[in-house]
1. Can you tell me which residue among L124, L148, L101 is over 13 Å from G51 (Cα atoms) and surrounded by 11 or more Cβ atoms within 10 Å (Cβ to Cβ)?
2. For the range 1-53, which residues satisfy the criterion of being assigned to a strand (DSSP E or B), closer than 23 Å to I129 by Cβ, of a type in the set (S, T, Y) and without any contact (Cβ under 8 Å) to a residue 60 or more places away in the chain?
3. What are the residue pairs meeting all of these: first residue in the range 90-117, first residue closer than 16 Å to V72 by Cβ, second residue among the aliphatic types (A, V, I, L, M) and outside any strand (DSSP E or B), Cβ atoms under 6 Å, and 6 or more apart or on different chains?
4. I'm trying to understand the selection: among the residues of the range 3-29, which are buried (at least 16 other Cβ atoms within 10 Å of the Cβ) and among the small types (G, A, S)?
5. Looking at the range 127-142, which of its residues are closer than 19 Å to V19 by Cα and either surrounded by 11 or more Cβ atoms within 10 Å (Cβ to Cβ) or charged (D, E, K, R) (or both)?
6. Quick one: in the range 30-46, of everything that is of a type in the set (D, E, K, R) and loosely packed, with under 12 Cβ neighbours inside 10 Å, which residue is nearest to T127 (Cα to Cα)?
Amino acid sequence: MLVELYDGKQKKGTFEVDVEEQPTTVIVDPSESELFLNWDSTIDDSKRIRGCIVCGGDLYKEQMFPQVTGIVIVLAFAGAVAGILGLVTTWVMLIAMSVVLILDILILFVVKTRLSCYCCNTRLSQTTIAQYHKHWDPDKAAQLKRQLEEPNA
């Protein structure tokens with residue numbers, strides 16, 4: 001499993017870990033710092049990730065779109081604008097828009113899913129994801145944020 005650590009939106013480092021072995025410490029690239037992993041109650045009976053191994057927080061699943069997706073969206077928008085304005089109304093335009101459509105469909109087939117932590121934003125990929133993980137829930141994120149901000153009573 002590939003684990004990416006984040007500080008807010010900035011990537012701090014990555015490491016790979018074997019869920020079967022469940023090591024207690026790993027070396028984080030590129031800083032070469034040591035990180036202690038929390039395996040308590042983060043693995044279910046079928047050896048799938050239930051919670052964040054870095055902080056123990058709740059996880060949600062999200063789609064990982066390839067970086068070329070942005071280029072395809074810009075090309076599709078530019079082609080649509082050119083067609084609407086009547087700048088290009090030839091077979092070349094039809095062929096170009098067909099190529100962009102095919103690229104868009106191909107991208108949908110290569111999209112992968114990963115798990116992300118609500119609390120520390122750690123991202124876990126290249127692992128089997130259990131069906132009970134749901135997509136990002138803004139209500140749950142707000143609830144967890146409030147719990148972190150509350151003073152301990």
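Here, each number is a calculation from the coordinates, and none is a lab measurement. It should be emphasised that the depicted structure is a prediction, and the values quoted were computed from it without experimental measurement. All Cβ positions, glycine included, derive from the backbone under ideal geometry; neighbour counts span all protein chains shown.
1. L101
2. Result: T14, single match.
3. So the pair list comes out as V100/L75; V100/A76; L103/V72; D104/V72.
4. The one that is buried (at least 16 other Cβ atoms within 10 Å of the Cβ) and among the small types (G, A, S): G13.
5. Within the range 127-142, T127, I129, A130, H133 qualify.
6. Out of the qualifying residues, it is D45.
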